[in-house]
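The values are calculated or read from the model by the stated rules, or taken from the named source; none is laboratory data. The model shown is predicted, which means the values in this text are computed figures rather than measured ones. Every residue, glycine as well, gets a Cβ built from its backbone with ideal geometry; the counts of neighbours run over all protein chains shown.
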Amino acid sequence: MTLQALTLDLDDTLWPVWPCILRAEALLRDWLVQQAPATAAAHDPAAMRAIREAVLRDRPDWRHDLSALRREGLRRALLAAGDDPALAEPAFEVFYAERQRVELFEDVLPALERLAARWPVVALSNGNADVHRVPGLGRWFHAAVSARELGLGKPSPAVFAEACRRAGAAAAQTLHIGDDAALDVDGALDAGLQAAWVRRPTLASAAVPRGTPQHVVSSLTELADRLQA
């Protein structure tokens with residue numbers, strides 16, 4: 001079947017996500033030490049995670065909005081420590097800016113250049129990365145679909161349907177590319193898309209999909225070679 005478009009996961013497909021999250025949290029903590037010392041003293045990273053979990057229990061409608069959860073978690077931590085809760089916004093921006101400073105896998109930009117030259121590529125992520133804030137990345141994307149924007153995330157079929165709509169392609173003629181066996185592979189297949197499972201050796205988990213992806217690759221270079229063969 002002729003391929004019309006590609007949808008592409010971000011975290012752990014284009015870059016390892018946890019190094020940038022941990023770096024962003026460390027930078028945020030340094031900022032809090034200077035700007036809200038009582039909050040920094042009262043809340044270590046585990047305490048901040050516990051506050052975000054409490055926010056999620058109070059606001060389950062924010063389950064797919066990681067930015068809102070972190071922003072409100074900061075506001076509550078500041079308030080509890082007696083610091084100005086208005087600092088939550090600049091504090092979040094410190095975290096968010098660093099969260100976009102990802103370290104792309106070395107194959108990503110050359111492969112994206114090849115793929116985007118032939119098909120529209122739509123970013124499809126449950127996270128809060130912004131392809132237009134990652135240096136050198138946004139130019140290769142036709143559009144971006146986020147769980148935060150839609151209020152739901154992968155593996156919901158509606159998310160994949162919206163990505164196909166923005167790509168201007170039928171689901172059966174769209175290939176979704178991602179690392180997660182359940183969210184990316186089974187989610188795409190259940191929504192009627194084709195699936196490419198990216199199993200990077202440094203990140204591969206023991207989880208396996210229920211369905212059978214059309215491609216199993218260890219890099220985007222390998223996938224680009226296959227699709228252009």
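Here is a check on your reading of the model: is G136 farther than 25 Å from Q4 by Cβ, assigned by TED's automatic domain parsing to the domain that holds V159 and surrounded by 18 or more Cβ atoms within 10 Å (Cβ to Cβ)? Here the answer is no, as G136 does not meet what is asked.
For the stretch 39-69, the set of residues classified as under 16 Å from L150 (Cβ atoms) and of a type in the set (K, R) consists of R63 only. Taken over the stretch 38-76, the criterion of being in contact with a Gly (Cβ under 6 Å, 6 or more places away or on another chain) and closer than 16 Å to G127 by Cα is satisfied by R52, H64.
Candidates in the stretch 82-112 are the residues that are crowded, with 18+ Cβ neighbours inside 10 Å and of a type in the set (G, A, S); of these, the one that is nearest to T221 (Cα to Cα) is A111. Count of the stretch 49-93 residues, restricted to those that are hydrophobic (A, V, I, L, M, F, W, C) and under 18 Å from the mean Cα position of the chain (by Cα), is 5. Going through (1) of a type in the set (A, V, I, L, M); (2) closer than 30 Å to T2 by Cβ; (3) in contact with a strand residue (DSSP E or B) (Cβ under 9 Å, 6 or more places away or on another chain) one by one, A117 falls short only on (3).
Does A224 qualify as being assigned by TED's automatic domain parsing to the domain that holds D107, under 17 Å from the mean Cα position of the chain (by Cα) and within 27 Å of E162 (Cβ to Cβ)?
The answer is no for A224.
Within the bounds of the stretch 203-218, is there any residue that is assigned to a strand (DSSP E or B) and under 30 Å from R59 (Cα atoms)? No, that holds for no residue. Remark: A86 falls outside the filter, which requires a residue to be without any contact (Cβ under 8 Å) to a residue 40 or more places away in the chain, within 22 Å of D11 (Cα to Cα) and among the small types (G, A, S). Across the stretch 90-116, the qualifying residues are those that are of a type in the set (D, E) and touching a residue at least 12 places away in the same chain (Cβ under 8 Å), and the one among them that is nearest to I21 (Cα to Cα) is E98.
Yes or no, residue by residue, for (1) crowded, with 20+ Cβ neighbours inside 10 Å; (2) of a type outside the set (S, T, Y); (3) touching a helix residue (DSSP H, G or I) at 6+ places or on another chain (Cβ under 7 Å):
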site: Q173; (1), (2), (3): no, yes, no
site: H176; (1), (2), (3): yes, yes, yes
site: D184; (1), (2), (3): yes, yes, no
site: G211; (1), (2), (3): no, yes, yes
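Would the stretch 97-109 turn up any residue that is of a type in the set (S, T, N, Q), assigned to a loop (DSSP other than H, G, I, E, B) and closer than 14 Å to L8 by Cβ? Checked the stretch 97-109: no residue is of a type in the set (S, T, N, Q), assigned to a loop (DSSP other than H, G, I, E, B) and closer than 14 Å to L8 by Cβ. Scan the stretch 206-229 and tell me whether some residue there is in contact with an Asp or Glu (Cβ under 8 Å, 6 or more places away or on another chain), within 17 Å of D12 (Cα to Cα) and basic (K, R). The answer is no; no qualifying residue exists.
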